[in-house]
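Please treat every number below as a calculation from the coordinates, not as lab data. For clarity, every value in this text was computed on a predicted model and none was experimentally measured. Here Cβ is always computed from backbone atoms with ideal geometry, including for glycine, and neighbour counts include all displayed protein chains.
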Amino acid sequence: MHELSVCQALVDQLIGIAREHGASRVEIVHLHVGPLSGIEPALLETAYPLAAAGSVAEGATLDLTVTVPVVRCRTCGFEGQVSPTQLACPRCGDFRTELLSGDELLLARVELSGLPADTPPALPECP
């Protein structure tokens, strides 16, 4: 289960973010997971508490958003959602598509607590 090593790396990143902002606790972790990322969301949710145990991220809520694959066709210019199992262009049928999203594992937002009084409680969300 490589999700555990992914979670360990995530927790290391969360510890660094909390330290950088002077936070004593990570409350919510917002992740975007694409179906082509090689990550199983259910396994990620199972592995996270193990990786976070004893850290400022222990007990944090893991908020997973599963994204959809989006492609751009190099032949006809179509850009839109496709099935994770069918990446060919749905308009012209060409297989020469560029994957724009669907393979990501993105830390989109972190909500912190125990911050100094003049610090906002969340980092801005990634676009």
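Before moving on, here are some points about what is shown:
- Computed FRET value (nearest 0.05) for Arg74 with Ala108, which takes r as the C-beta separation and R₀ as 41 Å: 0.90
- Estimated from helical segments only, the mean residue ellipticity of the chain at 222 nm is -8000 deg cm²/dmol, where each DSSP H run of four or more residues counts as -39500 (n - 2.57).
- Rounded to the nearest 5, the antiparallel percentage of DSSP beta bridges internal to region 1-96 is 40%.
- Built amide H within the under 5 Å cut-off of Ser101, gap 5+: Val70
- Spin-label model, Thr85 to Leu43: label points 7 Å out along the Cα-to-beta-carbon direction sit 1.9 nm apart.
- Highest average packing first - 69-80, 46-57, Cβ atoms within 10 Å: 46-57, 69-80
- With only the Cα atoms considered, the chain has a convex hull volume of 104 Å³ per residue.
- Each residue, Ile28 and Ser101, gets one label point 7 Å from its Cα in the Cβ direction; the gap between the two is 1.9 nm.
- Across the chain, the relative contact order, built from alpha-carbon pairs under 8 Å that are at least six residues apart, equals 31 percent.
- Within the shell defined by Cβ-Cβ distances under 9 Å, the residues around Gly59 carry a net charge of -1, with Lys and Arg each +1 and Asp and Glu each -1.
- Degrees, to the nearest 10: 3-21 long Cα axis against longest axis of the chain: 50 degrees
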